[in-house]
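Q: Can you keep this structure in mind? I'll have questions shortly.
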Amino acid sequence: MGVFRLQVHPPDRVTPAAAERAYFTARDRFLLPIRTRQTDDGLVVERSVSDSGFFHIPWQVTGHGELTLATAWLMERQAPYQLQVELARGKINQVRNQMAEWQAIGLGVPDDVRAVLSRASAQFYEAATMQQNPPEAARCAEQAIAAAAAASQALAQCYCEQALSARVRTSGRVDTLLGVNLGGSLPAPKLLPSLAAASTGVCVPLNWHDVEATERAYDWSVSDQQLDWAMQEKLFVCGGPVVSFGDLELPAWLTLWEGDYENVLACVGDFVQRAARRYRGRFQLWHAAARLNVGDVLGLTAEERLRIAVRTVEIITAVDPDTPVILSFDQ
């Protein structure tokens with residue numbers, strides 16, 4: 001059995017919930033099963049095999065909230081490791097390696113980013129050389145982790161800015177889709193210019209719960225307004241999800257058919273058919289079905305929900321064969 005001992009100062013710095021969510025990986029980042037238990041001075045990590053690797057754990061970092069941090073490469077040994085020191089070592093290595101990879105493809109790293117990373121390294125060196133004083137080593141390591149996280153964030157921002165500028169120089173306007181789901185109404189008029197300027201696409205949701213609030217009585221007015229505005233602004237439009245198994249996304253009257261798969265399928269088919277015919281050729285993308293694998297909806301089994309999704313795709317592609325169709329899954 002492989003055993004690692006990790007000292008933490010103070011020991012309650014790691015919560016039981018964080019210890020439960022910790023995990024271990026090999027060099028290829030393949031997940032290795034572990035059992036983590038808390039002790040009076042930290043953690044004991046037990047594995048069925050004896051091997052080295054990386055230890056990962058959720059960690060509250062000052063100024064950054066909860067991050068999942070990883071140690072550098074840990075070898076099995078009798079003496080315990082000081083967890084904060086090893087997390088600082090791992091985070092700084094991660095940022096340095098990422099910076100080197102991006103520099104190899106042309107990233108220019110500003111001096112202020114280098115300065116933050118240098119400060120993190122100096123704080124880590126101080127922590128690593130005073131491990132005979134565990135509380136002080138932990139304090140310095142925590143500062144190193146926070147500085148390394150700040151350097152990581154600044155480095156990522158720098159990469160995004162330079163990559164975006166390069167794409168704009170070579171291809172003009174970036175064709176990446178960026179937008180919002182318009183929800184149950186058209187946004188307030190004063191917001192529309194800003195929304196159009198900031199977006200390259202929008203989602204017109206076609207919420208079944210609202211469109212057919214009463215069985216066989218259809219109100220497409222909101223969806224029509226949203227689509228007309230999006231087309232006027234020359235935005236990419238995704239229609240849907242046409243059918244979503246989330247809360248408040250199915251009409252209330254559909255509960256009359258709870259547990260009756262055939263009738264639910266018939267109701268879904270009727271609504272999808274009407275939506276597809278109404279908006280045929282007007283969307284650039286159909287979002288046919290969403291939240292397929294979440295919760296217990298209308299007493300349907302997972303297989304029945306999947307069949308409904310397949311039927312939704314079949315109807316849309318039959319009515320509007322030239323427009324791409326997608327499905328989405330939660331969890």
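Q: Hydropathy at least 0.0 by Kyte-Doolittle, axial extent at least 30 angstrom from the Cα trace: which helices of the chain, defined as entire DSSP H runs, fit?
A: 134-171
Q: Taking the Cα centroid of the stretch 139-186 and of the stretch 8-72, what is the distance between the two, rounded to the nearest whole Å?
A: Answer, in whole Å: 28.
Q: Quick one: work out Rg over Rh on the C-alpha atoms of the chain, Rh as Kirkwood radius.
A: Rounded to two decimals, Rg/Rh equals 1.11.
Q: Quote the FRET efficiency, to the nearest 0.05, computed for Ala213 versus Lys234 with a Förster distance R0 of 51 Å and r equal to the Cβ-Cβ distance.
A: Efficiency, rounded to the nearest 0.05: 0.95.
Q: Quick one: Karplus J couplings for the stretch 279-292, per residue in order, coefficients 6.51, -1.76, 1.60, θ = phi - 60°, nearest Hz, x for Gly and Pro?
A: 10, 4, x, 9, 9, 8, 7, 9, 9, 6, 8, 9, 6, 5
Q: Is the shape of the stretch 169-300 rounded, prolate or oblate, going by the alpha carbon gyration tensor and its root eigenvalues a ≥ b ≥ c, with a/c under 1.5 for rounded and a/b larger than b/c for prolate?
A: The shape class here is prolate.
Q: Can you list residues whose amide H is under 5 Å from Asn181's amide H, if they're 5+ apart or on another chain and H is modeled 1.01 Å from N?
A: Amide H neighbours of Asn181: Cys203.
Q: A further question follows. Share of antiparallel DSSP beta bridges in the chain, in percent to the nearest 5?
A: Rounded to the nearest five, the antiparallel share is 60 percent.
Q: Same structure again: Would you please put 147-153, 54-60 in order of how densely packed they are, using the mean number of other Cβ atoms within 10 angstrom per residue and starting with the highest?
A: Top to bottom by mean Cβ count within 10 Å: 147-153, 54-60.
Q: Quick check for you: which residues of the stretch 21-39 have the amide N under 14 Å from the point 7 Å beyond the Cα of Val3 toward its beta carbon?
A: From the stretch 21-39, the list is 35-39.
Q: Also, I was wondering about something else. Across the stretch 186-193, in residue order, what do the Karplus-derived ³J(HN,Hα) couplings come to in whole Hz, using 6.51 cos²θ - 1.76 cosθ + 1.60 with θ = phi - 60° and x for Gly and Pro?
A: 7, x, 4, x, 5, 8, 4, x
Q: Just subtract the alpha-carbon distance of Arg13 and Asp112 from 0.36 nm times their residue separation and send over the number in nm, one decimal.
A: Contour length minus the Cα-Cα distance gives 32.6 nm.
Q: Same structure, new question: Hey, any idea what % of the chain's accessible area is carbon plus sulfur with a 1.4 Å probe?
A: 53
Q: Report, by chain and number, residues whose modeled amide H sits under 5 Å from the one on Gln82, excluding near sequence neighbours (fewer than 5 apart, same chain).
A: Those lying under 5 Å, H to H, from Gln82 are Gln7.
Q: If each residue of separation counts as 0.36 nm, what is the full-extension length gain between Glu262 and Gln162 once their alpha-carbon separation is subtracted?
A: Gain on extension, Glu262 to Gln162, equals 30.6 nm.
Q: At 222 nm, what value in deg cm²/dmol follows for the chain if DSSP H runs of at least 4 each add -39500 (n - 2.57) and the sum is divided by all its residues, to the nearest 500?
A: My calculation for the chain gives -14500 deg cm²/dmol from helical runs alone.
Q: Another question, if that's okay. Quick one: accessible area per residue over the chain, 1.4 Å probe, rounded to a whole number of Å²?
A: About 53 Å² of surface per residue is accessible.
The values are calculated or read from the model by the stated rules, or taken from the named source; none is laboratory data. Bear in mind that the values here come from a model prediction, so they are computed numbers and not experimental data. Cβ coordinates were reconstructed from backbone atoms using ideal geometry, including for glycine residues, and neighbour counts include every protein chain displayed. Please note that ligands, DNA and RNA were not included when accessible areas were found on the heavy atoms of the full protein model with its side chains. Shrake-Rupley method; radii C 1.70, N 1.55, O 1.52, S 1.80 Å.
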